[in-house]
Amino acid sequence: MRLSSLAQVLLASTTFALDESLGSTLNVTVLGASHNRSTLECWALKSGWETSAEPGTSGSSVLDLGAITGNATFTTLPAGFDGGRHNAPALQWVVFLSGLAHITLPNSTTEARVEGGKNGAILALDTADVSALGHYTTYPSQERTVALEIPLPKGEVPGHRVLHTGPCRGEELLV
Ligand SMILES: *[C@@H]1O[C@H](CO)[C@@H](O)[C@H](O)[C@H]1NC(C)=O
Ligand SMILES: *[C@@H]1O[C@H](CO)[C@@H](O)[C@H](O)[C@H]1NC(C)=O
Ligand SMILES: *[C@@H]1O[C@H](CO)[C@@H](O)[C@H](O)[C@H]1NC(C)=O
Ligand SMILES: *[C@@H]1O[C@H](CO)[C@@H](O)[C@H](O)[C@H]1NC(C)=O
């Protein structure tokens, strides 16, 4: 190993090994279902932070999101758009990049406000076979909401621990 690359490895492992500001787990808001109704929960993903050995991110903190499948979609919603009541079309990640999604549940006061950005990833799992009424989504910001929809393989939900009902709260999210 050349001295310069040895130095890089040492630098990577000493400077970036532990980023405590990332918290112990990645927590995500989940639109799930129980007893044929959509639910909102906060999940701590089981896969933990690891130190990347990949060129380009080597030494930084990464976390395995598990398998995905099928066709991903880049979705744009105009400011003020009303998505109405609907079910998740498939088990999927919805990663909000900009704007604001306001999710409410029929016959419930539980709601979630998901801002686009680093805490914008949610899991939408309330497909029609498990939730009769689905959920409502509106996009009440002044800007366009942009999201990536990334389907999961059938039945393959990332390993997790349920932290509580209701969406993840500020102190549970990335700073
Ligand atoms: C996620 O929640 C757990 C349990 O409350 C907490 O220990 C962890 O630090 C949180 N993660 C972030 C990024 O805040
Ligand atoms: C992905 O899109 C292509 C082209 O529209 C389509 O033929 C294919 O069936 C889609 N795959 C899935 C898994 O939906
Ligand atoms: C529950 O929500 C559905 C859909 O919004 C509505 O049609 C129904 O009247 C509600 N039921 C009650 C008891 O509020
Ligand atoms: C969920 O509710 C719908 C409408 O009431 C009903 O048709 C369906 O059979 C129910 N599904 C389950 C799994 O209970």
Among the residues of the stretch 82-100, which ones are part of a strand (DSSP E or B) and under 15 Å from the mean Cα position of the chain (by Cα)?
-> Gln92, Trp93, Val94, Val95, Phe96, Leu97, Ser98, Leu100
Considering Ala33, Ala79, which residue is at pLDDT 95 or above, assigned to a loop (DSSP other than H, G, I, E, B) and surrounded by 12 or more Cβ atoms within 10 Å (Cβ to Cβ)?
-> Ala79
Quick one: what pairs do we get from the stretch 161-175, first residue of a type in the set (Lys, Arg), second in a strand (DSSP E or B) and surrounded by 11 or more Cβ atoms within 10 Å (Cβ to Cβ), C-beta under 6 Å, 6+ apart or different chains?
-> Arg161/Ala44
Out of (1) in contact (Cβ under 8 Å) with a residue 40 or more places away in the chain; (2) more than 16 Å from ligand 3 (Cβ to nearest atom), what's the single condition that is false for Asn107?
-> (2)
Of the residues that make up the stretch 8-17, is at least one of a type in the set (Val, Ile, Thr), surrounded by 11 or more Cβ atoms within 10 Å (Cβ to Cβ) and either touching a helix residue (DSSP H, G or I) at 6+ places or on another chain (Cβ under 6 Å) or at pLDDT 95 or above (or both)?
-> no
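Here's the yes/no breakdown for (1) out of contact with any strand residue (DSSP E or B) (no Cβ under 8 Å at 6 or more places or on another chain); (2) within 16 Å of ligand 4 (Cβ to nearest atom); (3) within 24 Å of Gly166 (Cβ to Cβ):
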| site | (1), (2), (3) |
| --- | --- |
| Ser61 | no, no, no |
| Asp64 | no, no, no |
| Thr69 | no, no, no |
| Ala72 | no, no, no |
| Gly84 | no, no, yes |
| Ala88 | no, yes, yes |
| Trp93 | no, no, yes |
| Ser108 | no, yes, yes |
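Matching residues to (1) within 17 Å of Ser34 (Cβ to Cβ); (2) among the polar types (S, T, N, Q); (3) in a strand (DSSP E or B); (4) touching a strand residue (DSSP E or B) at 6+ places or on another chain (Cβ under 8 Å):
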site	(1), (2), (3), (4)
His102	no, no, yes, yes
Asn119	no, yes, no, no
Val130	yes, no, no, yes
Ser141	no, yes, no, yes
Ala147	no, no, yes, yes
His164	yes, no, yes, yes
Screening Leu148, Leu152, Leu123 for residues that are modelled with pLDDT of 95 or more, surrounded by 21 or more Cβ atoms within 10 Å (Cβ to Cβ), at negative phi and within 16 Å of ligand 2 (Cβ to nearest atom) leaves only Leu152
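The values are calculated or read from the model by the stated rules, or taken from the named source; none is laboratory data. This structure is a prediction, so every number in the text was calculated from the model and none was measured. When we count neighbours, we look across all protein chains shown, and the Cβ atoms used for this are built from the backbone with ideal geometry, even at glycine.
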